[in-house]
Amino acid sequence: MERRTFIRNGLTLGLGAASFGNTLANTILNEFTLNNSAFFKLSLAQWSLHKAIWEKRLNPYDFTAKAKELGFEGVEFVNQLYPDVTKANNKAAALKQFISKLNAAAKTHAVENVLIMIDGEGDLAVKNTKERLKAIENHKAWVETAAAMGCHSIRINLFGERNEMAWKEQSAESMSKLGEFAAPYNINIIVENHGYLSSNAALVMEMLDEVNLPNCGTLPDFGNFCLEREEGKRWDGACTREYDRYQGVKELLPRAFAVSAKSHDFDEAGNETHTDFKRMLQLVKDAGYTGFIGVEYEGQQRDEISGILATKDLLLKQAKQII
């Protein structure tokens with residue numbers, strides 16, 4: 001399996017609506033133009049729309065249509081946004097329906113299913129062996145699901161404990177077992193810098209070097225490099241120690257199967273105020289990556305649609321400045 005696609009397809013552009021109240025027919029997204037200057041393809045991370053989905057303003061099965069409407073050619077799913085699957089009594093049957101519906105949507109809207117982000121299926125880096133093996137088994141169903149949907153990867157989390165040596169050993173064991181299971185399905189197992197030791201890029205790469213499987217790699221995220229938070233909280237506490245995001249992305253890119261363009265806030269010129277997107281894109285291009293870059297807006301400053309479009313526009317704008 002190739003780590004990078006090296007396909008220079010044009011990017012589909014669209015002008016967007018500001019709210020979910022507008023239907024496709026009422027938006028100004030009816031026509032798209034091609035931008036052939038970008039060295040990557042654009043996908044939309046479903047987490048960018050998690051508020052709309054949780055608030056039932058958007059059916060998660062309509063995500064593909066919404067992504068197409070907003071000018072994206074690829075979609076990245078988040079399993080926890082489908083409680084009909086994650087909470088199903090008969091998970092196998094629920095996954096069958098999940099695959100059928102989303103494959104039909106991809107065909108209808110001519111959008112590529114890129115990957116599935118997996119949450120809530122157990123800790124793959126935890127010390128308890130029984131718990132870790134159960135998590136591995138839980139993730140296998142998502143490997144099979146991703147293969148049936150034509151995705152190239154599933155994104156897993158490696159939280160575990162704070163001891164670096166133990167974390168590396170336990171993470172390597174889980175990655176190895178999942179990578180070996182996923183290989184016949186042509187699915188990659190990719191870890192995202194998602195907090196705590198998984199945001200220590202150098203440690204992650206050491207672990208992957210030990211695994212040494214061609215289908216085990218990374219999903220570098222522009223913004224998830226918090227190593228410690230107040231009171232030891234995983235998500236909600238203020239970050240007290242952070243890994244350098246530019247160094248981290250650079251270190252993770254050699255094994256990248258996907259890239260996540262995380263955004264929060266923008267200035268009047270449309271630049272992201274926490275991350276230098278031009279600098280990040282230069283790192284991505286220098287690494288030879290030409291696959292999908294996923295837009296993942298998590299800000300509070302704008303509504304989700306506006307934030308998504310601002311992020312997409314910034315990526316395309318900065319792509320023109322890359323040497």
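The values are calculated or read from the model by the stated rules, or taken from the named source; none is laboratory data. Everything quoted here is computed from the prediction, not taken from an experiment. Glycine also receives a Cβ, built like all others from the backbone with ideal geometry; neighbour counts cover every protein chain displayed. Accessible surface is based on the protein model in full, side chains and every heavy atom, while ligands, DNA and RNA are left aside. Shrake-Rupley method; radii C 1.70, N 1.55, O 1.52, S 1.80 Å.
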Quick one: what pairs do we get from region 255-270, first residue open to solvent by 40 Å² or more (accessible area, probe 1.4 Å), second among the basic types (Lys, Arg), C-beta under 9 Å, 6+ apart or different chains? ASP265/ARG302
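One line per residue, one yes/no per condition, for (1) touching a Ser or Thr at 6+ places or on another chain (Cβ under 9 Å); (2) over 23 Å from LEU219 (Cβ atoms); (3) part of a helix (DSSP H, G or I); (4) modelled with pLDDT of 95 or more:
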residue	(1), (2), (3), (4)
ALA17	yes, yes, no, no
LEU29	no, yes, no, no
ASP84	no, yes, yes, yes
ALA92	no, yes, yes, yes
PHE98	yes, no, yes, yes
ALA106	yes, no, yes, yes
When every residue in region 291-306 that is touching a residue at least 60 places away in the same chain (Cβ under 8 Å), open to solvent by 10 Å² or more (accessible area, probe 1.4 Å) and more than 16 Å from the chain's Cα centre (by Cα) is compared, the one nearest to PHE39 (Cα to Cα) is SER306
For residues in region 73-107 being of a type in the set (S, T, N, Q) and touching a residue at least 40 places away in the same chain (Cβ under 8 Å), which is most open to solvent (accessible area, probe 1.4 Å)? GLN80
Residue that is free of Cβ contacts under 8 Å to residues at least 12 places away in the same chain and not basic (Lys, Arg), where the choices are GLU121, GLU131, GLU144: GLU131
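Here is a list: LYS177, LYS250. Which entry is more than 29 Å from THR275 (Cα to Cα), out of contact with any Asp or Glu (no Cβ under 7 Å at 6 or more places or on another chain) and of a type in the set (Lys, Arg)?
Working: LYS250 fails: more than 29 Å from THR275 (Cα to Cα).
Of LYS177, LYS250, the one residue that is more than 29 Å from THR275 (Cα to Cα), out of contact with any Asp or Glu (no Cβ under 7 Å at 6 or more places or on another chain) and of a type in the set (Lys, Arg) is LYS177.
Can you name the residue in region 185-197 that is touching a helix residue (DSSP H, G or I) at 6+ places or on another chain (Cβ under 9 Å) and free of Cβ contacts under 8 Å to residues at least 60 places away in the same chain and, of all such residues, is farthest from MET149 (Cα to Cα)? Can you show your working first?
Start the filter on region 185-197 by keeping residues that are touching a helix residue (DSSP H, G or I) at 6+ places or on another chain (Cβ under 9 Å), which leaves 185-193, 196-197.
Now drop any that are not free of Cβ contacts under 8 Å to residues at least 60 places away in the same chain, which leaves 185, 187, 189, 191, 193, 196.
Details: TYR185: 11, ILE187: 11, ILE189: 15, VAL191: 20, ASN193: 25, TYR196: 31 Å.
Among residues in region 185-197 that are touching a helix residue (DSSP H, G or I) at 6+ places or on another chain (Cβ under 9 Å) and free of Cβ contacts under 8 Å to residues at least 60 places away in the same chain, the one farthest from MET149 (Cα to Cα) is TYR196.
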I'd like to know if region 224-240 contains one or more residues that are crowded, with 21+ Cβ neighbours inside 10 Å, of a type in the set (A, V, I, L, M, F, W, C) and modelled with pLDDT of 95 or more. no
